[in-house]
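Working notes for the structure below.
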Amino acid sequence: MVLCEDGECSVCLSPFSRSDRIPRVLHCRHTFCEPCLETMSQARNGLLTVGCPLCRRVTCVGRGLSLQEALWVNSKLWDRIPEDAEEEEEEEEEEEEEDGRKQVVQEEGMEAEQRPSPQAEWWV
């Protein structure tokens, strides 16, 4: 398993997000997304435990606490996650549309240059 601190979970290889794949830090300081942590967690003797798949160190969560309550968010990764991924996608689409419009205008300009102007025909 590869240690990924570049914006994706090392277990599922999905990018972290601010909604459903929040990066949480185990006590060994390795970071994984919440769904993977939930999958890896086990109830033992009334405690919730998560074994790290990278170093095998076990993180214990106190009685009555959920993983979300007990494990900190990796703030370095959190700060790099776009606040609204949908807004970012919309901006990219708008930029692509704008680039497409520029290309059409340039192509139309080239066609206009190739056609003789109406004034040129009048003088002939």
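The values are calculated or read from the model by the stated rules, or taken from the named source; none is laboratory data. The shown structure was predicted, so the numbers you read here are calculated from the model rather than taken from an experiment. For neighbour counting, all protein chains shown are included, and Cβ atoms are generated from backbone atoms with ideal geometry for every residue, glycine included.
So the values come out like this:
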| quantity | calculated |
| --- | --- |
| Candidates Cys52, Cys60, Cys33, Cys12, filtered to the one that is in contact with a Lys or Arg (Cβ under 6 Å, 6 or more places away or on another chain) and among the hydrophobic types (A, V, I, L, M, F, W, C) | Cys33 |
| Residues of segment 5-24 classified as among the β-branched types (Val, Ile, Thr) and over 11 Å from the mean Cα position of the chain (by Cα), total | 1 |
| Residue among Arg18, Arg57, Arg80 that alone is at pLDDT 95 or above and basic (Lys, Arg) | Arg57 |
| Hits in segment 21-50 - residues which are out of contact with any strand residue (DSSP E or B) (no Cβ under 9 Å at 6 or more places or on another chain) and either in a loop (DSSP other than H, G, I, E, B) or modelled with pLDDT under 90 (or both) | Arg29, His30, Asn45, Gly46 |
| Segment 19-48 residues that are touching a residue at least 40 places away in the same chain (Cβ under 8 Å), paired with ones that are among the charged types (D, E, K, R) and part of a loop (DSSP other than H, G, I, E, B) (beta carbon under 8 Å, 6 or more apart) | Leu26/Arg57; Thr31/Glu5 |
